[in-house]
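A short worksheet on the structure shown next.
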Amino acid sequence: MGKPKTVAIIVAAGQGTRAGGGVPKQYAPLAGRPMLAHSHAALSAHPGIDEVLVVIGEGQRDALFAAVRGAAYVIGGATRRESVRRGLDAVQADRVLIHDAARPFLPGAVIDSLIAALETSQGAVPALPVADTLARSDDTRELRDTVPRDALVRVQTPQAFRMDAILAAHDGWPEDREATDDAQMLRQIGHRVTLVPGDPMLEKITHPADFAAAEARHAATLRVRSAQGYDVHRFAEGEELWLGGIRIPHSRGLSGHSDADVALHAITDALLGTIGAGDIGMHFPPSDARWRGAASARFLEHAAELVAAAGGIIDFIDLTLICEAPKIGPHREAIRESIASILNLPPRRVSVKATTTERLGFTGRSEGMAAQAIATIRIADPD
């Protein structure tokens, strides 16, 4: 028998009105990118997850693709239970993790524990002990009796299930009754649900004040990393000159297997360096005919996706172009805005500079052009 297939379903079909901000909360900005992008990246990067599907609301496709380009999705229903069921019906899997988009910061250790628990249980959920005193109240907001908390836990998501068991639970659930979560449905048909350790990072975001608290929790886990990239291409007759994704009018262009965009190549290597992912040649070898004449924006997008999948946030890009000609000044802002657009960053977080070598060396002799880039990211670092 082969390895069981595990699919993660992110439920993101709500309107998120309590969080304010004018957009559903799952698409609101949080720690440098839309909230949904965080949990999608964590699940996509985990080696135990084979596929990720997002359940979205009607009319949310553009918002989804702005948050996670090309994400697999299905349209949800009027209730959370209906949305989950549509997600379950859209995938083929042996095991499934069902996660709420409102819990963006998903530690890999929680996913590990959930998958391991399914070896001996039909379902598993992460949970935290209750630390606060609990008490009953009434309509007058008067304090009543306290509630023993010894046997109470706070249940989080993702919740993990064997696929056949959770489908049976949904099949047997009354249509006129709503469920607070899928684990409740599984218990209703007599299956055991295992508790695994939850994590404070998984706190749910519901109200506007929750965003600031989540930002603070996330920031405490991040470390700054910087890496540099360097690239050189020679000038050649009959070639187009591409710099930073912009075609620059010039008498000659740069020669290379792709479009030879020396600026984007340097930035790509810098980003790959921040996560220890090698260099551009490892991901897009010059010997591969697929990349002949390819737009270098594809290389940079790939590097940015790898950073995101590793949980990183791109903070700043600093690029220096080294050449005698053409003059970079007239094109500086266009190059800056192009790089920012490729990386989905505001232009203020991209710097483009140019210099010469005072006619020394190959750039001084106008034989070619060089570029040097430094990328700075923030990323969770367990070490």
What do you reckon, is V54 closer than 24 Å to A310 by Cβ, crowded, with 21+ Cβ neighbours inside 10 Å and either in contact with a Gly (Cβ under 8 Å, 6 or more places away or on another chain) or touching a residue at least 24 places away in the same chain (Cβ under 8 Å) (or both)? yes
Checking I111 against (1) within 23 Å of H207 (Cβ to Cβ); (2) surrounded by 22 or more Cβ atoms within 10 Å (Cβ to Cβ), which single condition isn't satisfied? (1)
Of all residues in region 344-369, which are part of a loop (DSSP other than H, G, I, E, B) and closer than 22 Å to G256 by Cβ? T356, T357, R365, S366, E367
Hey, among A270, A260, which residue is buried (at least 24 other Cβ atoms within 10 Å of the Cβ) and either assigned to a helix (DSSP H, G or I) or under 19 Å from the mean Cα position of the chain (by Cα) (or both)? A270
Can you find a residue in region 142-154 that is within 20 Å of A116 (Cβ to Cβ), at pLDDT below 95, among the β-branched types (V, I, T) and under 35 Å from the mean Cα position of the chain (by Cα)? yes
Checked region 296-341 for anything over 28 Å from the mean Cα position of the chain (by Cα), in contact (Cβ under 8 Å) with a residue 24 or more places away in the chain and in a helix (DSSP H, G or I); matches are G329, H331
Would a scan of region 361-370 turn up a residue that is within 24 Å of A309 (Cα to Cα), loosely packed, with under 14 Cβ neighbours inside 10 Å and either at pLDDT below 95 or in contact with a Lys or Arg (Cβ under 8 Å, 6 or more places away or on another chain) (or both)? no
Considering every residue within region 303-326, establish whether at least one is in contact with a helix residue (DSSP H, G or I) (Cβ under 8 Å, 6 or more places away or on another chain), surrounded by fewer than 21 Cβ atoms within 10 Å (Cβ to Cβ), more than 30 Å from H38 (Cα to Cα) and not basic (K, R). yes
Taking the residues in region 212-236 that are assigned to a helix (DSSP H, G or I) and at pLDDT below 85 as candidates, determine which candidate is surrounded by the fewest Cβ atoms within 10 Å (Cβ to Cβ). A219
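Restricting to region 45-93, count the residues that are closer than 25 Å to T180 by Cβ, touching a strand residue (DSSP E or B) at 6+ places or on another chain (Cβ under 9 Å) and either not in a helix (DSSP H, G or I) or not assigned by TED's automatic domain parsing to the domain that holds M163 (or both).
Count: 17.
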If A209 meets every condition in (1) over 27 Å from A102 (Cβ atoms); (2) free of Cβ contacts under 8 Å to residues at least 60 places away in the same chain; (3) part of a helix (DSSP H, G or I); (4) of a type outside the set (K, R) apart from one, which number is that one? (1)
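Residues are listed down the side, and each one gets a yes or a no for (1) at pLDDT below 95; (2) within 30 Å of A310 (Cα to Cα); (3) outside the structural domain of S44 (by TED's automatic domain parsing); (4) among the hydrophobic types (A, V, I, L, M, F, W, C):
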| residue | (1), (2), (3), (4) |
| --- | --- |
| Q156 | no, yes, no, no |
| F161 | no, yes, no, yes |
| A183 | no, yes, no, yes |
| R192 | yes, no, no, no |
| G198 | no, yes, no, no |
| A209 | yes, yes, no, yes |
Starting from residues that are in a loop (DSSP other than H, G, I, E, B) and free of Cβ contacts under 8 Å to residues at least 12 places away in the same chain, keep the ones in region 280-289 and report whichever is nearest to G312 (Cα to Cα). P285
Consider region 342-383. How many of its residues are within 20 Å of the chain's Cα centre (by Cα) and touching a residue at least 40 places away in the same chain (Cβ under 8 Å)? 10
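The values are calculated or read from the model by the stated rules, or taken from the named source; none is laboratory data. The shown structure was predicted, so the numbers you read here are calculated from the model rather than taken from an experiment. Backbone-built Cβ (ideal geometry, glycine too); neighbour counts: all protein chains shown.
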